[in-house]
Amino acid sequence: MMVEKTYKPLLMESIQVAVNIDKQRFIGFDGNYCADKAKALGVSDVEMEQGQFVPVAVNGILLVKTAGAIVKGGKVSSDANGYAVTATNGEVNGYAMDVSAGAGEIIRIVRGI
């Protein structure tokens, strides 16, 4: 039985993207994928082409793609490509509400707490 993951963005903002953007990735304040261990504006809500405005979920319960294993309740940061990774140092961009066994999974994170 597959269980749908909740998605509850509480605050959305639009930003012009500098590159083609995939959905469910951390986005930086400059319109690129968030840099490694940097503070993210939020998570891209949809796929968007370079130069267009993408809606970014800033706070709430958000869905994000992973680049590796993440534990439930663990601090989450961004890698250099906007994927969620375990935060070992640098900025914390949320807290994992699900477990990720590895790269390419979609987990819920909570931001703004």
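What follows is calculated from the coordinates using simple rules that are stated; it is not laboratory data. Computed from a predicted structure; not experimentally measured. Cβ sites come from the backbone with ideal geometry, for glycine too, and all protein chains shown count toward neighbours.
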inquiry  = Residues that are over 17 Å from Glu13 (Cβ atoms) and out of contact with any Pro (no Cβ under 7 Å at 6 or more places or on another chain): list the strands (runs of 3 or more DSSP E) wholly contained in region 25-102 that include at least 1 such residues.
reply    = 53-67, 75-78, 84-86, 94-96
ask   = So which residues in region 1-31 are buried (at least 18 other Cβ atoms within 10 Å of the Cβ) and of a type in the set (S, T, N, Q)?
value = Gln24
key: Cβ-Cβ under 6 Å pairs, at least 6 apart or on other chains, region 56-77 side within 12 Å of Phe26 (Cα to Cα) and free of Cβ contacts under 8 Å to residues at least 60 places away in the same chain, far side in a loop (DSSP other than H, G, I, E, B) and of a type in the set (A, V, I, L, M, F, W, C)   = Val56/Leu41; Val76/Ala87; Ser77/Ala87
task = Quick one: Gly102 ticks every box in (1) surrounded by 14 or more Cβ atoms within 10 Å (Cβ to Cβ); (2) in contact (Cβ under 8 Å) with a residue 24 or more places away in the chain except a single one, so which number is it?
result = (1)
Pairs where the first residue, in region 3-21, is over 17 Å from Ala40 (Cα atoms) and the second is assigned to a strand (DSSP E or B), C-beta under 6 Å, 6+ apart = Lys5/Arg108; Thr6/Ile61; Tyr7/Leu63; Lys8/Gly60; Lys8/Ile61
request  = State which residue is nearest to Gln16 (Cα to Cα) when the search covers only region 64-83 and only residues that are aliphatic (A, V, I, L, M) and buried (at least 19 other Cβ atoms within 10 Å of the Cβ).
outcome  = Val64
